[in-house]
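The values are calculated or read from the model by the stated rules, or taken from the named source; none is laboratory data. It should be emphasised that the depicted structure is a prediction, and the values quoted were computed from it without experimental measurement. No Cβ is skipped: glycine too gets one built from the backbone with ideal geometry, and neighbour counts run over all protein chains shown.
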């Protein structure tokens, strides 16, 4: 069950989602929060075409979080067998450290359980120790698997050698 301020995004939300995600991860606006990737990557984090593809992908949803009628956060989820892939967990830089990320994570876990998934899997950039630590506090652990950072510039232009670390979290109904 999702709180009333968390709902499914649709294509009418794409422009606002694009602005939110890019403001949280790239450029000067992202430096207001602790989730910035501005020192690691140039370019944008997401574009409208990619968001539309995510919404249209089979087994995929984007959950959006509103606070005081303002889009404050989102998370992308895609069912892959008994796993739920979690990506793009985003909180507006001006609204970070208020528990919104934890609320989105709880909603993501509830959604995964509703689709009979027992594990949430995700990737984190190797240079993001503070983010990795946050996910560990949420119950995630390293699988030992590493993935290449995509070469396409639409995901950003690396300023350093980057790769992804795969993290998982086992979930069950009594853990929420």
So residue 115 passes all but one of these: (1) closer than 19 Å to residue 152 by Cβ; (2) at pLDDT 95 or above; (3) surrounded by fewer than 16 Cβ atoms within 10 Å (Cβ to Cβ). Which condition number does it fail?
(1)
Quick check on segment 1-25: of everything there that is in contact (Cβ under 8 Å) with a residue 60 or more places away in the chain and over 21 Å from residue 133 (Cα atoms), which residue is surrounded by the fewest Cβ atoms within 10 Å (Cβ to Cβ)?
1
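Residue by residue, here is whether (1) crowded, with 16+ Cβ neighbours inside 10 Å; (2) over 22 Å from residue 112 (Cα atoms) holds:
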| site | (1), (2) |
| --- | --- |
| 126 | yes, yes |
| 129 | no, yes |
| 132 | yes, no |
| 140 | yes, no |
| 147 | no, yes |
| 154 | no, yes |
| 159 | no, yes |
| 171 | yes, no |
| 174 | no, no |
Among the residues of segment 62-81, is any surrounded by fewer than 20 Cβ atoms within 10 Å (Cβ to Cβ) and in a helix (DSSP H, G or I)?
no
Report yes if some residue within segment 90-107 is assigned to a helix (DSSP H, G or I), modelled with pLDDT of 95 or more and more than 14 Å from the chain's Cα centre (by Cα); otherwise report no.
no
Filter result (over 14 Å from residue 17 (Cα atoms) and either touching a strand residue (DSSP E or B) at 6+ places or on another chain (Cβ under 6 Å) or at pLDDT below 95 (or both)) within segment 40-56
40, 41, 42, 43
The conditions are (1) touching a helix residue (DSSP H, G or I) at 6+ places or on another chain (Cβ under 8 Å); (2) modelled with pLDDT under 95; (3) surrounded by fewer than 20 Cβ atoms within 10 Å (Cβ to Cβ), and residue 28 fails exactly one of them. Which is it?
(1)
Could you go through segment 137-158 and let me know if any residue there is at pLDDT below 95, closer than 21 Å to residue 47 by Cβ and within 15 Å of the chain's Cα centre (by Cα).
yes
Scanning segment 35-52 residue by residue, the ones that are in a helix (DSSP H, G or I) and within 16 Å of residue 129 (Cβ to Cβ) total 0
